[in-house]
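The values are calculated or read from the model by the stated rules, or taken from the named source; none is laboratory data. In this text, all values refer to a predicted model and were calculated from it rather than measured experimentally. All Cβ positions, even for glycine, are placed from backbone atoms using ideal geometry, and neighbour counts span all protein chains on display.
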């Protein structure tokens, strides 16, 4: 049976799709699965239509689906029932005749029900035979042409070389080609088109700008922002290091499987990469993506807040890397895909077992090396001064402890950075700044190596089981923090968590109490931090139910053993000089393992109603055994399952994203959802072909190179007339549609065209430029520069509550969840900005000034403008219009007594050209 | 034209327009300003209501911070009796965890209108419109924090990222105006906690995002040409138009649409200043809205209310008003309840009454839904000694016009005003009802995103048919 011009069915007619079953699955998912799908809790009449067993089951009135016999299939009866009360679905729009025809045909031909295509392993596909063998430049072209030939459609002509050059520039680096690139390309193109294209693509892939453009695509997936939004828009410290890491990774073409592993568990990899420019561990910063979410400062239910934070993390993890909406399974089994609630809480455990930190990176191990040299010198110089100290009596062996909850063993603790090395055993003499001391009990002391050393030590997780937490400590410029349910926002606003953060600035032993009784029963850990030129020493920790100093487990006596102070001070001079050369560590937002902990199922997503505890494991749909690990979070194992070539989703999802960015539309158009509710691929064989190629080396650059060098990519935006009317939605790819530049490229193209682009790379963001319309709490005290210092847009600050109006008008996505596909709207606000934004006017004036300096002849100037703005020469008519305009407009400026009327007119011409649609619409 | 007569014809193509007017861009734009049709249609939107709408526009009076229900529209005599005693009900976690004794209202209530609504003396002017108001005393929210509650009230989810209710209305119905955006936020000075994300288009196209309009000066960003003479800009854009014609020799829908948008943008440069020109309004109108009041915030909010009327007159679909800054804080009186609420009420009372009366007098109230609501209410027990903390468990809002029954009360709280008791209403229900009045079925107004058909009401929401006419 032939289904007529239903666009969805077109590939099916051509035998291109993985068959009717995929279409039927889409249809049943959207119309039936909500009540007859994987979620048992909302299942009606015990019937499920997402499994073969369910479909072939029988009710009292007969078979739900009788293969080969539509008449006998209840499903068809019910969807066509005349009585609206009996017709399915009970709510919403009834099935259309096309949809009923599809179901009928599918049942007639046997009601085949294979596994959903995306859960099937990636298949190696034979390149299809075609008639027009001279057309393809790459294997992938065969797939496209085969589809077109089968439908008797013609591919569009090649686009012009100058347009191809402009297109590939924007697609690879997000910037237009300059005049010399245009000249060189056209020269070499005349000699050898293939070679010319290859050379350009290689140059672009090697450019630093490549990572700036493709890195920005990636940032959309991980809801990248540098502040937390909500009421006061507090900062996310060091977020930009993640942004720079992404750019570096794209530029270095870090294999995609490795790139993912470093996102999920870069802190745990055995062989961290080292950034050659800075000698820093370059596998760690990727893990910062876990923590780029929005955040509120004073949740009244912090466990709920934690559950929401983790839901966002799982949402991003699932959609960005796997095209799976796992977060849908938080409250119930997934409605459309086989993702049970257990899978969600199995993932949740990985995050429960992990902690946020601002890591202390040591460039090339230099800090460690200096500390080692210092220790050597201490051993030689000062240690003999106190080695003779008589040992003290001590009765307690391990006295750094949480008395009521668990045995104190320093090995359970989690040191981070360089300051917390080991304990000082009880009775051992030690050097603290310029004093020699000897304590009767064991200590942790961050000043032992040097007060210059920095770090944080974290306790194992425990349940709060007293009203007060007590510490016996001493220190300088250091602090104590209790982290409850992973909540860190009290950093900025202590409300409701006032006592959780205490500064330690008293160099004699003293008692600090923290009132935490409100959080009895919550999971927490303690952090002692020494983030500067100070230190902290901890002797004992315990709970009690009142604020007064508790009875400590052991008495603490400390004395200064006799020694030659003069000699000590002489030595200290040498040591201090050495210490002053110890650099500060580089702080990076990252994740680390904490106490391993499985999560409970929250029934209907409610953390107050817990169900069974679920062992940490990867989503069952991956079909990947992921060993559970009682001693660690297990994130590394999870990451490896994700990045395995056997994972059916990973390579398909990314190959499809690359296709989406280069072609304007994914093979699977729902780029973040490969489940039953997503769209099936228009070219499933092509997708698997690309995925197979991609996972052969996981090189994103190779994949991108192959696509842009294909004939398919190089097609004109003007379709062949017959093809356009047969396939108006361009499902079969007979032309490459015109595309509007994304928000960043609009701004960057203006900067490049006016010649003011500042190509500096990396570093802290440029403060956002504030207009009078950008108001609200958390507004920065000062506005950033109008032109953002001419830096590329990816380096402009992303403040959640103060996003740039220019970027928003051009569909910059809100950084809340994974946004693999941006809207491309076409709205007056875009024109208003291009017409009236002071930034645009300012750039046009700068451009005119440069043109005036570089070209005397007006015709040359117009030519240069067209080449800079549109990467082509103006036509005679365009020249004429431009020059006539200059005459009239400078006359008008002159009459208004404007200074430099000529310059003003040229700036106006530039402004008119920037407003020409071709400037932001790339054919 | 659609049978309801409220939807404009499909856009003319640029070539049609050029054919109709001989003089290039400037004259095309000016001509269309005076009547030629170009519509800012809801891109991808349905542009047809699901059923016959009762309301054509919405004016949402957002009472930032959370006015106290016990001090405005929900009198609680029991509080007078229990004043100063420990609060006798189970207390949920509060934002400041500084809960004091039971606190009576410092204001007296009296009966107003034929319906006999009880309204406190904080709102003497609004009280004169009592018969227009449908007071809902059983509103609830899910959040005790401003930002979560604000995102929830505006978008149906307690986190940033979803489209605002105004964006949904714009998406569903498109616009009735050629020269103004379909979702306008009149910002009186206080941007809600949570920021402009409260007015975002989320995953809907950018055309539906709330355009912020300031009640003074130029009004809207980017509508003021930098050129000192209009002719300088006109000549420039005329050149752009000609260059576009030369450049795009071939048909391309996206480019055609962009050209049409540029023409609309050009017109907005006139339409917005014209909107802002309120000098032509009569002395009577000025007095009605309190434009010459002695209290500065009253003047600001008066201007906002008047502009709201002018916007709905021009066919803007959804207008939201935020509060002006009064001396002190928004309606968020964690202490000093008396002074703070008095100032905030003084700022909005007369302008709101003026708006209701003016809409009624012009025959606009029946097709304009006015909603007065905040993200939550306040606690019947004190915070400290003289403040009230956030309370999402039961609070009051009101609706007027647009197909809602005036003079009725819906739902109730317990005798302390702490929790909704009878007919508790969720934010989703409010959204469902608002969409219903606009002719939209909240279960069918959906967009597929990330594997789900997303709705303003998520999977919740019931139309509150009891309050409809």
Only one of these is at the interface with chain B (Cβ under 9 Å from one of its Cβ atoms), on the phi < 0 side of the Ramachandran plot, crowded, with 18+ Cβ neighbours inside 10 Å and part of a helix (DSSP H, G or I): A:869, A:848, A:882. Name it. A:882
Condition set surrounded by fewer than 15 Cβ atoms within 10 Å (Cβ to Cβ) and modelled with pLDDT of 95 or more, scope region A:761-780, selection farthest from the other protein chains (Cβ to nearest Cβ): answer is A:763
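What residue, among those in region B:297-310 that are in contact (Cβ under 8 Å) with a residue 12 or more places away in the chain and under 18 Å from residue B:328 (Cα atoms), is surrounded by the most Cβ atoms within 10 Å (Cβ to Cβ)? Break it down stepwise before answering.
Initially, region B:297-310 is screened for residues in contact (Cβ under 8 Å) with a residue 12 or more places away in the chain, giving B:297-298, B:300-310.
This time we only want the ones that are under 18 Å from residue B:328 (Cα atoms), so: B:297-298, B:300-301.
On the way: B:297: 22, B:298: 22, B:300: 26, B:301: 34.
The extreme case among them is B:301.
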Test for residue A:836: is it more than 24 Å from residue B:236 (Cβ to Cβ) and at the interface with another protein chain (Cβ under 7 Å from one of its Cβ atoms): no
Odd one out for residue A:811 among (1) in contact (Cβ under 8 Å) with a residue 12 or more places away in the chain; (2) more than 22 Å from residue B:220 (Cβ to Cβ): (2)
Given the criteria within 14 Å of chain B (Cβ to nearest Cβ) and more than 30 Å from residue A:330 (Cβ to Cβ), does residue A:94 qualify? yes
Among the residues of region A:49-70, are any in a loop (DSSP other than H, G, I, E, B), under 42 Å from the mean Cα position of the chain (by Cα) and at positive phi? no
Exactly one condition in (1) outside any loop (DSSP other than H, G, I, E, B); (2) under 13 Å from residue A:619 (Cα atoms); (3) away from chain B (no Cβ under 11 Å) is not met by residue A:319; state its number. (3)
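What tally of residues in region A:210-240 results from selecting those that are assigned to a loop (DSSP other than H, G, I, E, B) and in contact with a helix residue (DSSP H, G or I) (Cβ under 6 Å, 6 or more places away or on another chain)?
Residues that pass the stated criteria total 4.
Got at least one residue in region A:192-209 being away from chain B (no Cβ under 14 Å), outside any helix (DSSP H, G or I) and either free of Cβ contacts under 8 Å to residues at least 24 places away in the same chain or more than 20 Å from residue A:662 (Cα to Cα) (or both)? Even if it seems obvious, please write down each step before you answer.
Filtering region A:192-209 down to residues away from chain B (no Cβ under 14 Å) leaves A:192-209.
Cutting the leftovers down to outside any helix (DSSP H, G or I) gives us A:192, A:207.
Filter once more, so that each one left must be either free of Cβ contacts under 8 Å to residues at least 24 places away in the same chain or more than 20 Å from residue A:662 (Cα to Cα) (or both): A:192.
Scanning region A:192-209 turns up at least one residue that is away from chain B (no Cβ under 14 Å), outside any helix (DSSP H, G or I) and either free of Cβ contacts under 8 Å to residues at least 24 places away in the same chain or more than 20 Å from residue A:662 (Cα to Cα) (or both).
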Residue pairs within 7 Å by beta carbon, gap of at least six or interchain, first lying in region A:115-135 and closer than 14 Å to residue A:148 by Cβ, second in a loop (DSSP other than H, G, I, E, B), listed first then second, are A:135/A:155; A:135/A:711
Tell me which residues, restricted to region A:571-602, are in contact (Cβ under 8 Å) with a residue 60 or more places away in the chain and assigned to a helix (DSSP H, G or I). A:571, A:572, A:574, A:575, A:578, A:579, A:580
Are any of the residues in region A:275-293 touching a helix residue (DSSP H, G or I) at 6+ places or on another chain (Cβ under 9 Å), under 22 Å from residue A:798 (Cβ atoms), within 14 Å of chain B (Cβ to nearest Cβ) and outside any helix (DSSP H, G or I)? yes
I'd like the full set of residues that are within 16 Å of the chain's Cα centre (by Cα) and facing chain B (nearest Cβ under 9 Å), limited to region A:306-316. A:312, A:315
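Matching residues to (1) under 20 Å from the mean Cα position of the chain (by Cα); (2) crowded, with 24+ Cβ neighbours inside 10 Å:
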position: A:641; (1), (2): yes, no
position: A:652; (1), (2): yes, yes
position: A:660; (1), (2): yes, no
position: A:663; (1), (2): no, no
position: A:696; (1), (2): no, no
position: A:705; (1), (2): no, no
position: A:726; (1), (2): no, no
position: A:733; (1), (2): no, yes
Pull up region B:207-231, narrow it to residues that are under 18 Å from the mean Cα position of the chain (by Cα) and free of Cβ contacts under 8 Å to residues at least 40 places away in the same chain, then point me to the one that is nearest to residue B:173 (Cα to Cα). B:211
Counting only strands (runs of 3 or more DSSP E) wholly inside region B:389-453, the ones holding at least 1 residues that are in contact (Cβ under 8 Å) with a residue 60 or more places away in the chain and over 30 Å from residue B:86 (Cβ atoms) are B:395-400, B:408-410, B:446-449
Among (1) more than 7 Å from chain A (Cβ to nearest Cβ); (2) not in a helix (DSSP H, G or I), where does residue B:256 come up short? (2)
Would you check if there is a residue in region A:688-704 being at pLDDT below 95 and assigned to a helix (DSSP H, G or I)? no
Check on residue A:898, facing chain B (nearest Cβ under 10 Å) and part of a helix (DSSP H, G or I): no
Kindly establish whether residue B:194 is under 30 Å from residue B:154 (Cα atoms) and within 7 Å of another protein chain (Cβ to nearest Cβ). yes
Taking region B:404-425 only, how many residues are surrounded by fewer than 20 Cβ atoms within 10 Å (Cβ to Cβ) and within 27 Å of residue B:59 (Cβ to Cβ)? 6
Within the set of pairs 6+ apart or on separate chains, which have a first residue in region A:498-510 that is in the same structural domain as residue A:486 (by TED's automatic domain parsing), a second that is loosely packed, with under 15 Cβ neighbours inside 10 Å, and C-beta atoms under 7 Å apart? A:499/A:515; A:501/A:494
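For residue A:758, state whether it is under 27 Å from residue A:177 (Cα atoms), surrounded by fewer than 18 Cβ atoms within 10 Å (Cβ to Cβ) and over 24 Å from the mean Cα position of the chain (by Cα). Before you say what the answer is, go through the steps one by one.
Details: under 27 Å from residue A:177 (Cα atoms): yes; surrounded by fewer than 18 Cβ atoms within 10 Å (Cβ to Cβ): yes; over 24 Å from the mean Cα position of the chain (by Cα): yes.
Judged against the criteria, residue A:758 is a match.
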Go through (1) facing chain A (nearest Cβ under 7 Å); (2) surrounded by fewer than 21 Cβ atoms within 10 Å (Cβ to Cβ) for residue B:314 and report which single condition fails. (1)
Mind listing just one residue for me: the one in region A:807-823 that is at the interface with another protein chain (Cβ under 9 Å from one of its Cβ atoms) and closer than 17 Å to residue A:748 by Cβ and, of those, farthest from the chain's Cα centre (by Cα)? A:809
Residue among A:252, A:270 that alone is under 21 Å from residue A:694 (Cβ atoms) and without any contact (Cβ under 8 Å) to a residue 60 or more places away in the chain: A:252
Which residue out of A:568, A:559 is out of contact with any helix residue (DSSP H, G or I) (no Cβ under 7 Å at 6 or more places or on another chain), in contact (Cβ under 8 Å) with a residue 60 or more places away in the chain and either loosely packed, with under 13 Cβ neighbours inside 10 Å or more than 30 Å from residue A:463 (Cβ to Cβ) (or both)? A:559
